[in-house]
Amino acid sequence: MARPTWHCLLAILLLLLAENTSFSGPGSPWPMFRHDTQRTGLSQYTGSKRGVLKWCFKTKDEVNSSPVIGADGTIYFGSVDGNIYAVTRDGKLKWSHSLNNKIYSSPALDSDGNIYVCSWGGIVLSLDTGGEFRWKVQIRGRVSSSPVISNTNGGEGDVLYVGSDNYRLYAMSGEGKIKWTFNTRKYVDSSPAIGPDDTVYFGSNDGFVYAVSPDGALKWKYNTFGAVSSSPAVASDGTVYVGSSSGILYALENNGTLKWSIKAQHWIDSSPAVGPRGGVYFGSNGGKLFAVTSGGALSWTYRTRGVITSSPAVDKDGNVYVGSWDGSLYAIDSDGMLRWTLHTQGPIRSSPAIGADGTIYFGSADGGLYAVGE
């Protein structure tokens, strides 16, 4: 048998390096609500195979905020006790910063690791990785929408988008300057998503899904005939998926025309996730997790014992992780079969985040941030 030549060995070495880099790159494994600017909820890592509690970090009130994860593994999240927390990957407090107001929104991280977080009282705050103050903006109205950060805005640097219950979507610079606002006719609880062409998509309780250009001009809107508190998810082909209180999940073309819809019968507050093979996953207030093909056919459902407002996270193998108001986090495989559950002492409204080592992080109304791993 012939020995491999030097260039074959070099090719093998480069392949191994490339594979290793893809799993240990410098970026954050989960930098914002729903993982990415398109709000897909899809991780490049495989989640925990067993529901073993690694640790629980306790705050003084409910944790409905969904955690995000820094490049160094630090977990950031807010609590109804009014604090934003930074916790190490082994569950130890690094720092906390008080906003003196309830936090339901999830933080977002920029490419430098700076943290952006919003309070129920309308504060938009930026901190550096050490928890030191950078800037603060007070906007009218309460905020439960989670910010999204785009740094592809025509070379203008980071742009932060967030909704408020004063009926507006805000666009801010990375330095905290308001660039523009877009008015709807009711609360904007939906967390905005950014499409591949930089279009900003979000819903309003006025029943419409809006598509807005990076300069704040309306491109189109679509009537769902129900409040839209779900965050849209944008697939790689530009399809926009979003749920409504009408109990319908909509799949829209990027020009605002309907591709298909599917009825869940109950309010869809849970934001949809887009799986590695294009499938769509979402929960409903009826307690079911739905799996739907990219063509709109129902693949399977899984029933929990409580309302699902938690938004599912999907790992690279198609396993789905979602919380329920019954107090349990569920891990469901790609065929709809239960892998494991982990029970907490309160409803789970927080959406899970998946770390680079497969650890699943999520909050509970019992005041804890949980880490589940091997």
Approximate spin-label separation ASP357-LYS54, in nm, with each point projected 7 Å along Cα-to-Cβ: 0.5
Extended-chain gain in nm, criterion 0.36 nm per residue less alpha-carbon gap, ASP61 and ARG185: 41.4 nm
Relative packing of 133-141, 102-110, 192-200, which averages over residues the other C-beta atoms within 10 Å, highest first: 102-110, 192-200, 133-141
For segment 120-181 versus segment 233-289, the gap between their alpha-carbon centres in whole angstrom: 26
Theoretical gain in end-to-end length, LYS177 to ASN255 [0.36 nm per residue, Cα-Cα removed]: 25.1 nm
Charge tally in the Cβ shell below 15 Å around TYR330, where Lys, Arg are +1 and Asp, Glu are -1, TYR330 excluded: +3
For the chain, calculated [θ]222 nm from helices alone, where every DSSP H run of n ≥ 4 adds -39500 (n - 2.57): -1500 deg cm²/dmol
10 Å binning of all Cα-Cα separations within segment 29-373, expressed as whole percents from 0 upward: 6, 29, 38, 23, 4
Peptide ranges 297-305, 244-252 listed from the most packed, as the mean C-beta count within 10 angstrom indicates: 244-252, 297-305
Cut-off 11 Å, label 7 Å out along Cα→Cβ of LYS316, residues of segment 347-373 by amide N: 356-358
Gyration tensor over alpha-carbon atoms, segment 96-176, equivalent ellipsoid semi-axes in Å: 19, 16, 9
Segment 29-373: relative contact order in percent, alpha carbon pairs under 8 Å with at least 6 residues between: 17
Long pairs among LYS49/LYS263; LYS263/LYS316; LYS58/LYS177; LYS94/LYS179; LYS221/LYS263; LYS186/LYS219, criterion Cα-Cα beyond 23 Å: LYS49/LYS263; LYS263/LYS316; LYS58/LYS177; LYS94/LYS179
Peptide ranges 169-178, 205-214, 64-73 listed from the most packed, as the mean C-beta count within 10 angstrom indicates: 64-73, 205-214, 169-178
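Just so you know, all these numbers are worked out from the coordinates, no wet-lab data involved. This one's a predicted model, so the numbers in the text were calculated from it and none came from an experiment. Backbone-built Cβ (ideal geometry, glycine too); neighbour counts: all protein chains shown.
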